[in-house]
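The values are calculated or read from the model by the stated rules, or taken from the named source; none is laboratory data. If you're wondering where the values come from, they're calculated on a predicted model, not measured in any experiment. Cβ atoms come from the backbone with ideal geometry, glycine included; neighbour counts cover every protein chain shown.
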Amino acid sequence: MITLQHFLVLSAVIFSIGLYGALAKRNVVAVLMCIELMFNAVNITLVAFARYLPATAGNPYGPLTGQVFALFIIAVAAAEAAVALAIILAVYRTRRSVNVEDVNLLQS
Amino acid sequence: MPSTLWLILLLPVVSLALITLLRPAPRWSGRLTILAIGGSFVFSVVAFFEMLTRQQAAVAAHQEVEPVVSMVPWFQLGKTSFEVGVLADPLAAIMLLVVTTVSLLVQVYSQGYMAGDPGYRRYFAFMSLFTFSMLGLVLAPNFLQMFIFWELVGVSSYLLIGFWYHKPEAAYAAKKAFITTRLGDLGFLVGILMLYAYTGTFDFHQLQAAVKVGALGGAVLSTAMVLVFMGAVGKSAQFPLHVWLPDAMEGPTPVSALIHAATMVAAGVYLVARAFPLFQAAPTALMVVAVVGGFTAFFAATMGLVMSDIKRVLAYSTVSQLGYMMLGLGVGALSAGMFHLFTHAFFKALLFLAAGSVIHGAMEQDLFKLGGLRRHMPWTALTFAIGGLSLAGVPPLAGFWSKDEVLTAVYHSGNGLLLALGLLTAFMTAFYITRAWLLAFAGEWRGAAAAPPLPPGYALTPRPSPTGYALTPGPTPTGRGVGGEGVPAAGSEAGHGGSHGGSPGAHAHESPAVMVVPLLILAVPSVVAGFLGLPGANWFGSFLHGEEESAAEGIVIASSVVLAGLGILLGYLTYGARAISAEGLTAAFRPIHALLVNKYGLDDLYGWLVNRLYVGISLALAWFDQRIVDGLVNLVAWLAAQVGRGVTRTATGQLPNYALAVFAGVVVIANVVAVVAGR
């Protein structure tokens with residue numbers, strides 16, 4: 001029997017992997033991919049809650065709320081990926097690098 | 001009458017303003033000053049006679065004379081309004097007469113003495129300022145105004161002592177005078193503030209009334225009056241603040257005559273006289289006045305015995321005579337002290353102007369280099385002798401009567417020690433002034449050149465044109481130069497070396513008429529002023545008091561005359577007849593002589609106090625300020641800088657670091673929210 005906890009643990013694991021990658025990776029493309037991992041970990045949580053939580057007075061649409069949010073996140077993530085890849089391209093053209101350590105104009 | 005008083009006060013300001021703003025030709029600035037002060041003099045005479053009429057009317061009605069007062073509001077502080085104005089009573093009327101008479105004669109004399117000086121215009125502007133300040137002091141109806149003018153005369157004195165500011169000694173002397181008197185002024189200010197704190201008024205008559213009804217008295221009044229007397233000690237050069245007056249002789253001699261002999265130094269005496277009802281209610285303070293005065297009279301006279309500079313002899317004599325005045329006031333005899341001020345102003349101004357004439361004519365002021373001037377400067381010799389005899393207290397000259405009135409008052413007070421000091425001073429006074437006259441005018445010329453030839457008809461000729469001036473190097477006068485102006489010789493007191501030829505003293509000559517005539521005029525009151533205060537028929541005392549003073553004491557008069565005669569005789573035997581060797585006397589009293597020449601080491605003591613003690617304390621305080629106080633401030637700044645430098649390290653520019661920080665923040669916030677929501 002697969003319970004809500006299983007989903008949440010899976011989500012936490014994926015989120016942590018994504019977070020680690022986002023913080024530790026030097027390649028901006030890899031960082032972007034890790035961020036996508038974190039989005040999707042959140043998506044898993046949302047749909048899991050939607051599946052397991054019943055409709056109540058405070059939440060009349062029940063499962064639909066979580067699913068709608070997940071769809072929103074997928075749409076936003078697609079847009080974000082497009083914008084981010086455009087920024088990465090622009091950065092690459094000026095600095096000939098996609099390494100986060102080379103993007104340090106704000107360093108004191 | 002009030003308008004007369006205002007005119008007396010304001011005329012010198014007009015001349016000051018005109019000289020400063022219009023910058024007339026030097027000669028005209030002198031004449032303008034004389035005109036203004038002459039006007040003040042005329043109005044002072046008018047005011048004096050009006051006061052005399054009022055006084056006689058008051059005596060006839062058996063009342064006290066009402067002072068003439070005219071006030072204008074000055075400023076308002078809360079509910080108290082402060083006023084300035086003029087006040088005239090018999091005391092002020094007499095003082096006005098003294099100040100304007102001497103000032104007028106000194107201005108006339110200055111035309112000759114200062115002729116050709118590059119600062120001629122500046123000199124008369126300062127003189128106008130001084131006369132204005134002095135008149136304001138005399139006419140002041142309250143302590144506040146008096147203090148303001150008190151400081152103004154101090155400033156004018158500073159400016160005039162340092163008139164030849166390119167001479168370092170003059171600049172130092174000016175600073176010394178200003179700072180030394182300032183020590184006394186501090187006490188004066190504290191004193192009047194104390195009186196104000198206890199009564200809420202600065203006004204002399206309101207303060208008197210407060211004393212009369214007993215609202216003010218006891219230890220408070222005594223302390224306040226001793227503090228006020230401190231101001232008089234500074235200004236009137238009483239011990240221990242007398243050190244500035246002999247040095248102040250670096251100024252031009254007419255300045256010494258007017259400011260440092262006749263008027264400003266008498267301001268301290270006038271202050272005590274003005275506040276006399278307050279002093280009378282505070283016997284302790286009065287005793288302090290008497291003791292300080294008596295001691296100063298004696299103390300200064302001893303130093304006058306050995307000075308070799310003719311002006312310094314007179315300076316110590318002035319300090320000594322001011323001590324007499326204080327002594328007279330201190331034993332409770334207002335009219336005796338004021339009478340001595342009155343006569344002293346004339347004969348001491350005369351002595352100073354005569355000394356100035358000597359310096360002008362002989363280019364020398366060291367008594368041991370002068371000599372034989374009697375033949376070359378007969379008028380100067382005669383007038384100096386009159387002033388000297390008056391100072392020595394030879395009857396029936398002015399100084400005799402006033403000095404005896406002081407001594408009589410001391411005798412009546414029953415204080416034997418003070419009387420002895422006074423009598424000894426009389427003896428020494430007679431000796432040192434005889435010595436000064438004999439050294440300067442008798443015998444033979446002892447200066448650099450041989451005995452000066454006597455140019456026929458040289459006396460009373462106008463001064464030679466000052467074209468020789470530019471020969472002497474010196475600082476170039478700034479500002480608009482006037483034709484014929486040059487640069488004074490840096491070393492000599494009277495800066496007109498070149499025109500007299502090579503060797504100083506070779507052409508010692510009588511001074512021009514413009515200088516001799518004031519001498520002759522001053523000689524008149526030096527002889528006859530005493531008859532205003534004859535014992536038994538004391539017009540002066542009755543004018544001041546409205547009643548007769550106590551009669552004379554034969555024993556006092558006799559002993560003072562005998563002592564003065566002895567002094568003159570001893571002086572003559574030593575320096576005239578040479579029956580007693582001056583060198584022998586010096587050798588016999590070598591330690592005392594050395595002590596006197598060194599002015600009791602007081603200058604050195606004060607120098608040590610300032611240079612070592614004061615500077616030492618200042619250095620310690622400076623160390624505390626720079627190391628401890630500034631150190632604390634610097635420590636705070638250093639800490640902030642260090643913290644900043646530490647925090648700078650977090651700004652790595654590495655995105656992951658920032659992202660980690662953001663995530664850590666989110667975790668913290670989430671935990672907090674969870675804990676808060678979980679409750």
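Annotations
- Residues of region B:663-678 satisfying the condition of being within 27 Å of A:Asp102 (Cβ to Cβ) and either of a type outside the set (Val, Ile, Thr) or within 10 Å of chain A (Cβ to nearest Cβ) (or both): B:Phe663, B:Ala664, B:Gly665
- The single residue among A:Arg51, A:Arg95 that is in contact with a Pro (Cβ under 8 Å, 6 or more places away or on another chain), among the charged types (D, E, K, R) and surrounded by 12 or more Cβ atoms within 10 Å (Cβ to Cβ) turns out to be A:Arg51.
- Within region B:133-144, at least one residue is polar (S, T, N, Q) and either modelled with pLDDT of 85 or more or under 23 Å from B:Ser3 (Cβ atoms) (or both).
- Scanning region B:77-106 for residues that are farther than 30 Å from B:Gly541 by Cα and either in contact with a helix residue (DSSP H, G or I) (Cβ under 9 Å, 6 or more places away or on another chain) or crowded, with 24+ Cβ neighbours inside 10 Å (or both) returns B:Phe82, B:Glu83.
- Within region B:14-30, considering residues that are within 25 Å of the chain's Cα centre (by Cα) and without any contact (Cβ under 8 Å) to a residue 60 or more places away in the chain, the one surrounded by the fewest Cβ atoms within 10 Å (Cβ to Cβ): B:Ala17
- The set of residues from region B:1-25 being over 19 Å from B:Phe149 (Cβ atoms) and of a type outside the set (S, T, N, Q) comprises B:Met1, B:Leu18, B:Ile19, B:Leu21, B:Leu22, B:Arg23, B:Pro24, B:Ala25.
- Single match in B:Val233, B:Val220 (criterion: part of a helix (DSSP H, G or I) and within 25 Å of the chain's Cα centre (by Cα)): B:Val233
- A count restricted to region B:607-661 and to residues that are within 14 Å of chain A (Cβ to nearest Cβ), surrounded by 11 or more Cβ atoms within 10 Å (Cβ to Cβ) and of a type outside the set (S, T, N, Q) stands at 8.
- Cβ pairs under 8 Å, 6+ apart, first in region B:36-56 and touching a residue at least 12 places away in the same chain (Cβ under 8 Å), second surrounded by fewer than 17 Cβ atoms within 10 Å (Cβ to Cβ) and of a type outside the set (Ser, Thr, Tyr): B:Ala36/B:Val14; B:Ala47/B:Met1; B:Glu50/B:Met1; B:Arg54/B:Glu66; B:Gln55/B:Gly546
- Enumerated helices (runs of 4 or more DSSP H) restricted to region B:356-430, each holding at least 3 residues that are crowded, with 24+ Cβ neighbours inside 10 Å and in contact (Cβ under 8 Å) with a residue 24 or more places away in the chain: B:378-392, B:398-413
- Residue satisfying all of: in region A:12-22; touching a Leu at 6+ places or on another chain (Cβ under 9 Å) and small (Gly, Ala, Ser); farthest from A:Val100 (Cα to Cα) among these: A:Gly18
- Applying the condition of being within 14 Å of another protein chain (Cβ to nearest Cβ) and among the small types (Gly, Ala, Ser) to region A:73-108 and asking which residue is farthest from B:Ala659 (Cα to Cα) yields A:Ser97.
- Failed item in (1) modelled with pLDDT under 80; (2) within 24 Å of B:Thr425 (Cα to Cα); (3) not polar (S, T, N, Q), with B:His509 passing the rest: (2)
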